Amino acid sequence: GLHHAMPGGAAGFCIYNDASLAIARLLELGAERVAYVDVDVHHGDGVQAAFWEDPRVLTISLHEHPRTLFPQTGWPEETGGGAGEGSAVNVALPAGTGDAGWLRAFHAVVPELIADFRPQVLVTQHGADTHFEDPLAHLAVSLDAQRAVQMTCHSLAHEYADGRWVALGGGGYAVTDVVPRSWAHLVGIAAGRQIAPETVIPESWRQEVFARTRELGPGRMTDGRWPVVFREWEAGYDPADRLDQAVLAVRRAVFPLRGLLA
């Protein structure tokens with residue numbers, strides 16, 4: 001999920017952009033529609049740039065607002081260019097957004113666009129740095145909400161792309177408490193062997209963590225917030241809520257370009 005690397009050079013800890021290369025290869029092999037969904041806390045700028053004018057690729061990035069986080073791109077007004085106008089989607093979330101807001105924003109934008117685009121392949125990037133313990137960003141998302149989005153991506157791939165799903169990692173800097181648990185959930189979901197949130201983490205792994213870091217690893221595969229509850233977009237728009245304002249901004253910017261109601 002090295003989504004920052006650009007066609008002309010490295011950027012943001014990323015030398016090669018594996019997500020872009022995977023999508024390009026799918027197109028070379030004959031895919032006519034590929035959807036890319038990026039839920040890393042940082043904007044998926046490199047993938048967006050690679051397919052900015054390509055209507056065959058729908059890029060959706062759900063990230064912390066560019067006013068407060070690298071790479072300072074990913075504004076709602078960035079919607080693609082040329083023949084690809086309307087194929088770039090950017091949901092810029094206010095710093096401090098937690099589980100309920102993050103899931104509300106995701107479900108207010110992603111499923112409807114995927115249903116309209118009907119991709120032949122779904123490529124997703126699951127950076128774990130949206131987590132409230134991540135030291136490099138300012139969202140407040142739990143492991144349980146990350147798991148909920150992973151499960152939704154799995155469902156979308158099977159509903160619209162005949163199960164063709166390329167699931168990638170990404171950023172994540174809480175390297176013992178968050179990243180191993182989040183991506184273990186992702187691998188389990190992709191393999192059809194979900195890990196129950198209440199699962200106890202093996203003591204042997206916790207001992208290895210302590211030996212390497214002198215820190216105690218987490219005890220379970222949950223932050224204690226499962227199941228995560230959120231308010232669906234259809235339940236109504238709150239004009240005073242910054243999260244709702246962010247969602248409405250992207251729906252107004254992109255949905256009309258795709259023939260959908262904002």
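What do you reckon, is Arg251 modelled with pLDDT under 95 and either under 22 Å from Ala148 (Cα atoms) or assigned to a helix (DSSP H, G or I) (or both)? Quick ask: steps written out before the conclusion?
Numbers: modelled with pLDDT under 95: no; either under 22 Å from Ala148 (Cα atoms) or assigned to a helix (DSSP H, G or I) (or both): yes.
The answer is no for Arg251.
Take Asp18 and tell me if it is within 17 Å of the chain's Cα centre (by Cα), within 14 Å of Leu122 (Cα to Cα), charged (D, E, K, R) and modelled with pLDDT of 95 or more. Spell out how you get there, then give the answer.
Values: within 17 Å of the chain's Cα centre (by Cα): yes; within 14 Å of Leu122 (Cα to Cα): no; charged (D, E, K, R): yes; modelled with pLDDT of 95 or more: yes.
Answer is no for this residue.
Please state which one of Ala167, Ala174 is touching a His at 6+ places or on another chain (Cβ under 9 Å) and assigned to a strand (DSSP E or B).
Details: Ala174 fails: assigned to a strand (DSSP E or B).
Being touching a His at 6+ places or on another chain (Cβ under 9 Å) and assigned to a strand (DSSP E or B) holds for just one of Ala167, Ala174, which is Ala167.
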For this session: Please go through region 105-140 and pick out each residue that is under 14 Å from the mean Cα position of the chain (by Cα), without any contact (Cβ under 8 Å) to a residue 60 or more places away in the chain and assigned to a strand (DSSP E or B).
Result: His131
For this session: Look at Arg181 and say whether it is open to solvent by less than 30 Å² (accessible area, probe 1.4 Å), of a type in the set (Lys, Arg), within 17 Å of Trp102 (Cα to Cα) and assigned to a helix (DSSP H, G or I).
Result: no
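If you scan region 4-20, which residues turn out to be in contact with a helix residue (DSSP H, G or I) (Cβ under 9 Å, 6 or more places away or on another chain) and open to solvent by 100 Å² or more (accessible area, probe 1.4 Å)? Show your work before the answer.
First, the residues of region 4-20 that are in contact with a helix residue (DSSP H, G or I) (Cβ under 9 Å, 6 or more places away or on another chain): 4-7, 11-12, 14, 17, 19-20.
Scanning region 4-20 gives a single hit, Pro7.
Tell me, yes or no, whether region 190-198 has at least one residue that is within 27 Å of Ser20 (Cβ to Cβ) and either at pLDDT 95 or above or among the hydrophobic types (A, V, I, L, M, F, W, C) (or both).
yes
Among the listed residues Leu113, Leu122, identify the single one that is open to solvent by less than 10 Å² (accessible area, probe 1.4 Å) and under 20 Å from Ala262 (Cα atoms). Even if it seems obvious, please write down each step before you answer.
On the way: Leu122 fails: under 20 Å from Ala262 (Cα atoms).
Unique residue meeting the criteria: Leu113.
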Problem set entry | Given (1) over 22 Å from Ala22 (Cβ atoms); (2) open to solvent by less than 20 Å² (accessible area, probe 1.4 Å), index of the condition Arg231 fails | (2)
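Under 13 Å from His3 (Cβ atoms), within 17 Å of the chain's Cα centre (by Cα) and at pLDDT 95 or above - does that describe any residue in region 72-81? Explain how you work it out, then say what you get.
Taking region 72-81 as the starting set, the residues that turn out to be under 13 Å from His3 (Cβ atoms) are 73-74.
Subsequent filtering for residues that are within 17 Å of the chain's Cα centre (by Cα) retains 73-74.
Those left that are additionally at pLDDT 95 or above: 73-74.
Checking region 72-81: at least one residue is under 13 Å from His3 (Cβ atoms), within 17 Å of the chain's Cα centre (by Cα) and at pLDDT 95 or above.
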Problem set entry | All positions within region 238-262 that are surrounded by fewer than 14 Cβ atoms within 10 Å (Cβ to Cβ), at negative phi and of a type outside the set (A, V, I, L, M, F, W, C) | Asp238, Pro239, Gln245, Arg252, Pro256
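Consider Ala145 carefully, then state whether it is under 18 Å from Asp40 (Cβ atoms), open to solvent by less than 30 Å² (accessible area, probe 1.4 Å) and in a loop (DSSP other than H, G, I, E, B). Spell out the reasoning first.
Details: under 18 Å from Asp40 (Cβ atoms): yes; open to solvent by less than 30 Å² (accessible area, probe 1.4 Å): yes; in a loop (DSSP other than H, G, I, E, B): no.
It is false that Ala145 is under 18 Å from Asp40 (Cβ atoms), open to solvent by less than 30 Å² (accessible area, probe 1.4 Å) and in a loop (DSSP other than H, G, I, E, B).
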Exercise. Can you find even one residue in region 143-150 that is in contact with a strand residue (DSSP E or B) (Cβ under 6 Å, 6 or more places away or on another chain), charged (D, E, K, R) and closer than 23 Å to His3 by Cα?
Worked result: no
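Answer yes if at least one residue in region 2-11 is under 19 Å from Tyr160 (Cα atoms) and in a strand (DSSP E or B), and no otherwise.
So far as region 2-11 goes, no, none of its residues is under 19 Å from Tyr160 (Cα atoms) and in a strand (DSSP E or B).
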Problem set entry | Residue within region 199-217 that is surrounded by 15 or more Cβ atoms within 10 Å (Cβ to Cβ), more than 25 Å from Leu136 (Cβ to Cβ) and of a type outside the set (D, E, K, R) present | yes
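The values are calculated or read from the model by the stated rules, or taken from the named source; none is laboratory data. Small disclaimer: the values here were computed from a predicted structure and weren't measured. All Cβ positions, glycine included, derive from the backbone under ideal geometry; neighbour counts span all protein chains shown. The accessibility values were calculated without ligands, DNA or RNA, using every heavy atom of the protein model including side chains. Shrake-Rupley method; radii C 1.70, N 1.55, O 1.52, S 1.80 Å.
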